[in-house]
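The values are calculated or read from the model by the stated rules, or taken from the named source; none is laboratory data. This structure is a prediction, so every number in the text was calculated from the model and none was measured. Cβ: placed from backbone, ideal geometry, glycine included. Neighbour counts: every protein chain shown. Heads up: the accessible areas ignore ligands, DNA and RNA and are worked out on the full protein's heavy atoms, side chains in. Shrake-Rupley method; radii C 1.70, N 1.55, O 1.52, S 1.80 Å.
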Amino acid sequence: MAAENPFKTILKGLESPDGGEFGKYYSLPALNDPRIERLPYSIRILLESAIRNCDEFQVKSNDVEKIIDWENTSPKQVEIPFKPARVLLQDFTGVPAVVDLACMRDAMNRLGGDSNKINPLVPVDLVIDHSVQVDVARSENAVQANMELEFRRNKERFGFLKWGSNAFDNMLVVPPGSGIVHQVNLEYLGRVVFNRNGLLYPDSVVGTDSHTTMIDGLGVAGWGVGGIEAEAAMLGQPMSMVLPGVVGFKLTGKLRNGVTATDLVLTVTQMLRKHGVVGKFVEFYGEGMSELSLADRATIANMSPEYGATMGFFPVDHVTLQYLKLTGRSDDTISMIESYLRANKMFVDYSEPQVERVYSSYLELALEDVEPCVSGPKRPHDRVPLKEMKADWHSCLDNRVGFKGFAVPKESQTKVVEFEFHGTPAQLRHGDVVIAAITSCTNTSNPSVMLGAALVAKKACELGLEVKPWIKTSLAPGSGVVTKYLQKSGLQKYLNHLGFHIVGYGCTTCIGNSGDIDEAVASAISENDVVAAAVLSGNRNFEGRVHPLTRANYLASPPLVVAYALAGTVDIDFETEPIGLGKDGTNIFFRDIWPSNEEVAEVVQSSVLPDMFKATYEAITKGNPMWNQLSVPSGTLYSWDPKSTYIHEPPYFKDMTMSPPGPHGVKNAYCLLNFGDSITTDHISPAGSIHKDSPAAKYLIERGVDRRDFNSYGSRRGNDEVMARGTFANIRLVNKFLKGEVGPKTIHIPTGEKLSVFDAAMRYKSEGHDTIILAGAEYGSGSSRDWAAKGPMLLGVKAVIAKSFERIHRSNLVGMGVIPLCFKPGEDAETLGLTGHEQYSIDLPSSVSEIRPGQDVTVVTDNGKSFTCTLRFDTEVELAYFDHGGILPYVIRNLINSKH
């Protein structure tokens with residue numbers, strides 16, 4: 001199937017400064033194609049990957065030509081295969097991936113192959129990115145308390161991942177408490193250029209976390225994917241992607257005094273959201289780039305999901321190289337990176353005249369036009385200039401309920417709620433801040449805003465300002481390095497004094513881990529219908545996400561979070577109104593506590609040192625006491641514990657034999673669920689808490705798990721029994737069989753009984769019946785979730801017939817051996833008169849060689865109806881997966897049959 005690489009003639013040696021050779025590389029200039037010089041840098045990374053991996057089966061010469069001809073092909077929505085250089089897993093998604101690898105080893109062993117061959121084929125970095133509860137915020141030992149809580153809850157999961165780190169080659173597991181996944185990626189894991197076995201190539205990464213895009217600030221192409229794509233990539237399989245358009249975003253000038261990277265990122269987010277960049281790459285260029293620190297770039301890149309782009313890419317230049325030096329990468333490594341990128345025309349040198357590249361569309365921003373701002377009260381792209389904040393807040397109180405409205409009647413907008421806080425009289429008004437959080441996600445890779453926040457705290461403390469005791473304050477750096485430079489600068493004590501103690505190094509307030517608001521405050525809010533506010537430095541502020549009681553949530557820079565905590569309200573004009581009274585009774589204004597750019601730069605220069613990064617990441621490899629004390633089995637085959645409710649051996653390979661099962665049709669299948677349009681992966685995939693009356697709860701209770709220990713579906717992703725029971729368990733599921741009733745139920749067609757989806761699926765299985773799903777347009781839209789495909793397969797679903805599919809979910813179904821079929825244009829279940837009460841047969845040839853991607857297939861029902869659908873296996877590679885019963889069995893058989 002695979003042939004020799006047709007591009008081996010452009011393999012060149014790269015000389016090192018000492019006259020030796022760094023290694024070999026596929027040279028883009030050696031193709032002598034003038035079109036390459038005009039390509040955006042981000043597209044050159046896709047091109048190099050296609051050339052290096054070309055085998056005329058998974059990646060074809062024709063795919064390479066499509067990428068070179070990007071200017072003409074990208075408007076046509078052509079698909080290309082992409083093989084990333086590595087995979088980044090965060091622990092929730094990492095667990096099922098390691099479970100699958102462990103299962104594949106068992107299957108390989110059973111079939112007589114060498115089970116040790118089952119290893120990730122590309123490097124896998126797995127960061128245990130633990131959640132942090134903010135309830136211990138106002139104490140010095142918060143970090144330790146949070147770690148103890150995490151280990152108590154997740155000991156089994158952590159132990160399993162520790163086993164995986166020893167059992168599998170090519171897998172690095174970063175222990176909990178080290179930092180948040182995307183910041184560890186930026187400061188430590190990002191290679192920029194790989195040198196593997198003497199072959200040089202650009203770093204690129206797909207990760208199972210939406211913040212993966214932060215790495216694009218380092219010139220590494222990266223974006224978030226679902227678990228199945230990540231697993232496929234780590235097993236050496238190509239990802240199918242649409243060749244994207246690229247928006248060129250030109251930056252000129254420099255930021256004014258007092259304007260932060262967060263102000264810039266909120267401005268860029270609003271511009272790109274308005275321009276429309278979904279499914280596209282954004283590439284930044286222009287002379288303004290040299291004014292942006294790497295941390296500023298990473299902050300902008302991190303917000304890609306909020307402006308809707310696949311990535312916001314910053315090509316490598318001198319700023320990137322300086323950052324690599326700062327973060328402790330060796331001089332030899334940096335020299336190799338620069339030499340390779342220059343030789344392969346992937347380095348931007350702003351001291352040389354720039355060749356005009358072609359972009360799909362263009363945007364421009366003069367950095368001096370950026371002004372201080374926040375975003376809210378309910379969406380990240382609803383930017384509000386700081387000087388208009390008070391007026392905007394009042395219009396939000398007036399406006400009807402919506403993204404920019406709370407519909408508070410005029411007469412009650414000024415009401416003051418009196419309450420008692422721990423014996424002291426207190427007051428609460430609309431717009432009062434009750435949560436102020438410097439969170440770990442977006443900004444804490446950026447020393448200028450973190451030290452800026454600390455300088456605000458210092459000035460405030462010296463002037464005698466305090467934060468009201470009922471405001472829940474917290475600081476969660478994304479990296480241990482932040483703690484080191486805050487301490488070195490001598491500024492952490494001022495943050496502590498205002499209540500911004502370090503609570504840990506993981507996800508906090510912006511994922512809803514803000515903990516409880518004090519009971520007295522909570523009662524005052526809920527009993528008087530107060531529109532209370534949260535101010536946080538994260539990148540998501542959707543309604544209900546931060547805390548159920550904060551209806552107004554504003555994104556702001558870390559220094560502004562401190563300023564709003566001190567002011568105690570968002571209903572303030574910082575230019576004209578005082579923040580509070582100083583110790584001598586005088587009015588203190590915003591300008592009195594705001595540091596100048598020079599002050600910030602000075603403290604960054606003196607406090608952020610390369611040794612801090614080295615020390616932090618050397619400690620990672622040594623682990624921490626709780627991690628090191630976890631005892632785990634030493635074998636390369638996992639000893640499954642049948643009593644475990646967290647880690648369970650799934651039945652994917654139960655009856656697997658060496659010969660592929662071949663294509664399967666469907667015979668007299670019942671319809672398990674009958675859907676309309678826009679069924680998302682959130683409807684399909686288990687998520688959130690486990691409902692007390694659900695099949696998953698019943699399973700846990702039968703195994704002696706107390707209700708308070710249910711934990712979430714996310715934390716139990718390594719147990720297929722829990723996850724299968726949570727599939728289609730969404731309380732907002734709309735199933736046509738239920739005639740308007742909403743919820744996770746369906747009708748068992750033969751008896752007419754109403755059952756939970758899981759119970760109905762098991763009934764069909766026990767009766768020996770296959771099932772299918774009928775659906776409308778955009779089936780599987782939303783975030784890519786692995787269990788949205790694994791779950792239906794475990795429930796016995798053999799095919800999904802829909803008007804259209806979200807592209808990644810369709811490929812995930814193929815990966816799990818489920819047949820995706822599309823109704824013909826203009827047709828659907830309704831126009832064809834299908835009620836879903838029929839039995840369905842789909843006839844497919846018994847040999848995969850007789851099936852073509854995208855061919856017509858006839859579906860026949862038991863009441864004599866017959867209609868034609870398009871078979872949505874879109875490539876020969878997908879047909880090979882189907883022939884083998886899914887991607888995992890395909891990989892196992894290939895490894896057993898390979899000679900290597």
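Checking the a/c ratio against 1.5 first, then a/b against b/c, what shape does the Cα gyration tensor give for segment 344-497?
Here segment 344-497 falls in the oblate category.
Keeping every protein chain in place, order 640, 223 by accessible area at 1.4 Å, biggest value first, i.e. largest first.
640, 223
Filter the chymotrypsin sites (Phe, Trp or Tyr not before Pro) in segment 531-619 to those in DSSP coil with at most 12 other Cβ atoms within 10 Å of their Cβ, and list the result.
Sparse-neighbourhood loop chymotrypsin sites (Phe, Trp or Tyr not before Pro): 542.
Grab the DSSP H runs of the chain that are 4 residues or longer, score each as -39,500 (n - 2.57), total them, divide by all residues and round the 222 nm result to the nearest 500 deg cm²/dmol.
Calculated from helices alone, the mean residue ellipticity at 222 nm is -9500 deg cm²/dmol.
In segment 706-786, what trypsin sites (Lys or Arg not before Pro) fall in a loop by DSSP, with at most 10 other Cβ atoms inside 10 Å?
Of the trypsin sites (Lys or Arg not before Pro), the ones in loops of segment 706-786 whose Cβ has at most 10 other Cβ atoms within 10 Å are 732, 739.
Do the alpha carbons of any pairs in 404/745; 66/378; 254/345 sit beyond 30 Å of each other, and which pairs?
404/745; 66/378
Provide the net charge surrounding residue 601, with neighbours chosen by a C-beta distance below 15 Å and charges set as Lys +1, Arg +1, Asp -1, Glu -1.
Value of the local net charge: -3.
Please arrange 275, 497 by accessible surface area, largest first, computed with a 1.4 Å probe and ligands excluded.
Sorted by accessible area, descending: 497, 275.
Using 1/(1 + (r/R0)^6) with R0 = 45 angstrom and r between the beta carbons of residue 252 and residue 615, what's the FRET efficiency to the nearest 0.05?
In this case the efficiency is close to 0.70.
Tally Lys and Arg at +1 and Asp and Glu at -1 over the other residues with C-beta under 9 Å from the C-beta of residue 4: what net charge comes out?
Local charge sum for residue 4: -1.
Using 7 Å Cα-to-Cβ label points, what is the residue 61/residue 116 separation (nm, one decimal)?
4.0
Hey, of [x] 0.96; [y] 1.08; [z] 1.37, which did the structure itself give for Cα Rg over 2.2 N^0.38 Å when calculated?
[x]
Out of residues 5 or more away from residue 712 or on other chains, whose amide H comes under 5 Å of its own, with H placed 1.01 Å from N in the peptide plane?
Correct list: empty.
DSSP loop (so not H, G, I, E, B), at most 10 other Cβ within 10 Å: list which GluC sites (Glu not before Pro) in segment 752-815 pass both filters.
Qualifying residues, ordered by number: 767.
Taking the Cα centroid of segment 261-324 and of segment 545-576, what is the distance between the two, rounded to the nearest whole Å?
If you average the Cα positions of each part, the centres end up 25 Å apart.
So how far apart, in nm, are the two label points at residue 371 and residue 487 if each is 7 Å from Cα heading toward Cβ?
4.2
Take each of the peptides 845-857, 451-463, 173-185, average the number of other beta-carbon atoms within 10 Å over its residues, and list them starting from the highest.
In decreasing order of mean packing, 845-857, 451-463, 173-185 become 173-185, 451-463, 845-857.
Where does segment 406-616 land on the Kirkwood hydrodynamic radius, alpha-carbon pairs, in angstrom?
17.6
Could you report the accessible area of residue 507 in Å², rounded to 10, computed with a 1.4 Å probe on the protein chains as they sit in the structure?
30
Averaged per residue, what accessible surface does segment 273-421 expose to a 1.4 Å probe, in Å²?
For segment 273-421, the per-residue accessible area is 42 Å².
Just to be sure I understand: of the beta bridges DSSP finds with both ends in the chain, what percent are antiparallel, rounded to 5?
In the chain, DSSP labels about 45 percent of beta bridges as antiparallel.
Output wanted: per-residue J couplings in Hz (rounded whole) for segment 258-267, from phi through Karplus 6.51 cos²θ - 1.76 cosθ + 1.60, θ = phi - 60°, x for Gly and Pro.
Values per residue, Gly and Pro as x: x, 9, 9, 4, 5, 4, 5, 5, 5, 5 Hz.
Report the FRET efficiency, 1/(1 + (r/R0)^6), for residue 866 and residue 767, where r is their Cβ-Cβ distance and R0 is 22 Å, rounded to 0.05.
FRET efficiency, residue 866 to residue 767: 0.30.
Tell me, what is the FRET efficiency for residue 10 and residue 364 to the nearest 0.05, using R0 = 25 angstrom and their Cβ-Cβ distance as r?
0.10
Summing Lys, Arg as +1 and Asp, Glu as -1, what charge do residues with Cβ under 13 Å from the Cβ of residue 797 carry, residue 797 excluded?
+2
What ranking, highest mean first, results for peptides 333-341, 602-610, 205-213 when packing means the other Cβ atoms within 10 Å averaged over each residue?
Packing order, densest peptide first, comes out as 205-213, 333-341, 602-610.
Of 695, 539, 473, which is farthest towards the positive pole of the chain's charge dipole, taken about the Cα centre with +1 and -1 on the beta-carbons of Lys, Arg and Asp, Glu respectively?
Of 695, 539, 473, it is 695.
Have a look at the DSSP beta bridges in segment 406-616 and tell me what percent are antiparallel, nearest 5.
35
Can you pull the percent of segment 478-560's accessible area that's carbon plus sulfur, 1.4 Å probe, other chains left in place?
46
Report, to the nearest whole %, how much of the accessible area of segment 86-369 belongs to carbon and sulfur atoms, 1.4 Å probe, protein only.
Ligands and nucleic acids excluded, carbon and sulfur give 48 percent.
Given a 1.4 Å probe, how much area per residue of segment 793-897 is accessible, in Å²?
With all protein chains present, segment 793-897 gives 36 Å² per residue.
Arrange the peptides 356-363, 370-377 so that the one whose residues have, on average, the most other Cβ atoms within 10 Å appears first.
The most tightly packed comes first, giving 370-377, 356-363.
Quick one: check the C-alpha center-to-center distance for segment 33-96 versus segment 788-809, whole angstrom.
Segment 33-96 and segment 788-809 have Cα centres separated by 26 Å.
In whole angstrom, how far apart do the alpha carbon centroids of segment 197-250 and segment 330-386 sit?
With segment 197-250 and segment 330-386 each reduced to a Cα centre, they are spaced 18 Å.
Counting only heavy atoms of protein chains, what accessible area per residue, in Å², does segment 521-564 have with a probe of 1.4 Å?
25
Shape verdict for segment 86-369, please, from the Cα gyration tensor: rounded (a/c under 1.5), prolate (a/b greater than b/c) or oblate.
prolate
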